[in-house]
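Please read the structure below before turning to the comments.
The values are calculated or read from the model by the stated rules, or taken from the named source; none is laboratory data. Quantities reported herein were computed from a predicted structural model and do not represent experimental measurements. Cβ coordinates were reconstructed from backbone atoms using ideal geometry, including for glycine residues, and neighbour counts include every protein chain displayed. Only protein heavy atoms, including side chains, enter the accessible area calculation; ligands, DNA and RNA are left aside. Shrake-Rupley method; radii C 1.70, N 1.55, O 1.52, S 1.80 Å.
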Amino acid sequence: MKWFIKFLVRKVPRPILIKFSYLFSNIFVIFYKGNKYVCPICHGRFGKLLPYGNKGEGNRLCPKCLSLERHRLLWMFLKNKTEFFHKNYQVLHIAPEQPFVQRFRNLANLKYTTADLESPLADIKLDIREMPIKDCSYDVVICNHVLEHIDNEEKALSEVYRVLELNGWAILQVPIDYSRETTFEDSSITDREEREKIFGQYDHVRVHGRDYPKRLEKAGFKVSVENYLDTFSEKDKDLLRLPKEEIIYVCKKTEC
C-alpha cells in the first residue's frame, strides 16, 4: 500500500487524484475498520489509517473522509474555538480540502464559495495572486497548504487581505519546519528531485520557518498564535491522529 500511495502522490496530477479519491475510499474503508483510531470529522473508527505522503508514512489518511492530521486539528479548532459553525459568514475556501467541502456547504449559517486554479471542487477558477473578486467580499478566508506552491507569496497574501472584510479573518496554514528560524526559498532550484529533497515536495518553492507569522504580519494581518494542539493529551493526539507539531495562525484584517 505504501508504494502505491507514494506513486499516486508523486506521479498523478492533483485534479485527477481528487476526482477518483472517494472511489478508492469506498473500497479501503471496509478493510480499515476498528477501534484504535477515531476521526473527529466523519466519526469513523479504524484499526489503522491509510499511509500518505512522498514517503508513504503510515496511519495518516482517514479511509472514510480522507482527512489528514492537519485537517482533523483544524476542524476541531474551528468547531471549538471559533464561531465558524454558528455565526453567519461569507466564506471563501481556496484550494478546498475534500474532508471539508460538503460539510461546510451543509452549514446553514455559511455562504460558502470554493476557489482554485485546477481543482474540480472549485466553484470559481482563479489564481490567488490576482483574484477576480471585489474588495472586502468575505468574512472568512481559508487557504491551507497553498502558499508554499506560490512563487509570489507577498502578492498572494495581499490579495487575501484585500478580499477580506474589515475585521474578517483568515486561516493560512503552511507546512513549517519549526527547527528552521527563517524561511528558505531559491527560485533557481527547478529540478523536481532537488525540490523534493530541499522543499519537501517537487511542487513546493519554499520551506517555511518560524518567521512565518512575521511574513503574515508584513502583509498587514494581526496574527494570533494558537497552540491548540497543546490542549490535547498525548493519548488523545494518538487516538485522533493529530499532527506531532502544528501552530494555528489566525490572521485578522483590522485596517482597510
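Summary table
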read-out	value
Violating pairs (Cα-Cα greater than 29 angstrom) within the set Lys81/Lys111; Lys48/Lys222; Lys64/Lys218	Lys48/Lys222; Lys64/Lys218
Mean Kyte hydropathy of 1.0 or more with a Cα span along the axis of at least 15 Å, helices from DSSP in the chain	14-31
Heavy-atom surface of region 185-256, accessible at 1.4 Å and reported per residue (Å²)	61
Cα-derived Rg over Rh, computed across the chain with Rh taken as Kirkwood radius	0.94
Alpha-carbon centroids, region 190-251 and region 45-122: separation in whole Å	16
Protein accessible area in the chain, 1.4 Å probe - carbon and sulfur %	50
Surface accessible to a 1.4 Å probe, Lys252 within the full protein complex, Å²	90
Mean ellipticity per residue at 222 nm, deg cm²/dmol - from DSSP H runs of n ≥ 4 across the chain, formula -39500 (n - 2.57)	-9500 deg cm²/dmol
Simple label model, 7 Å out from Cα along Cβ direction - Glu181 to Leu239, nm	4.0
Solvent-accessible area per residue, Å², over region 23-157 with all protein chains present [probe radius 1.4 Å]	46
Solvent-accessible area of Lys155 with every protein chain in place, 1.4 Å probe, in Å² to the nearest 10	80
Dipole axis of the chain (+1 Lys, Arg; -1 Asp, Glu on Cβ), positive-most option in Leu240, Ile198, Tyr212	Leu240
The chain - charge dipole about Cα centre, Lys and Arg +1 at Cβ, Asp and Glu -1, debye rounded to 20	1200
Rg to Rh, two decimals, where region 68-141 supplies the alpha carbon set and Rh follows Kirkwood	0.96
Projected label distance in nm at His43 and Glu130, using a 7 Å step from Cα toward the beta-carbon	4.7
Rounded to the nearest 20 debye, dipole of region 64-176 from Cβ charges on Lys, Arg, Asp, Glu	640
Whether region 164-247 is rounded, prolate or oblate, judged on the alpha carbon gyration tensor where a/c under 1.5 counts as rounded	oblate
Efficiency of FRET between Arg192 and Glu118 - r from beta-carbon atoms, R0 22 angstrom, step 0.05	0.75
Nonlocal amide H pairs with Thr114, under 5 Å, H built at 1.01 Å	His93, Asp123, Ile124
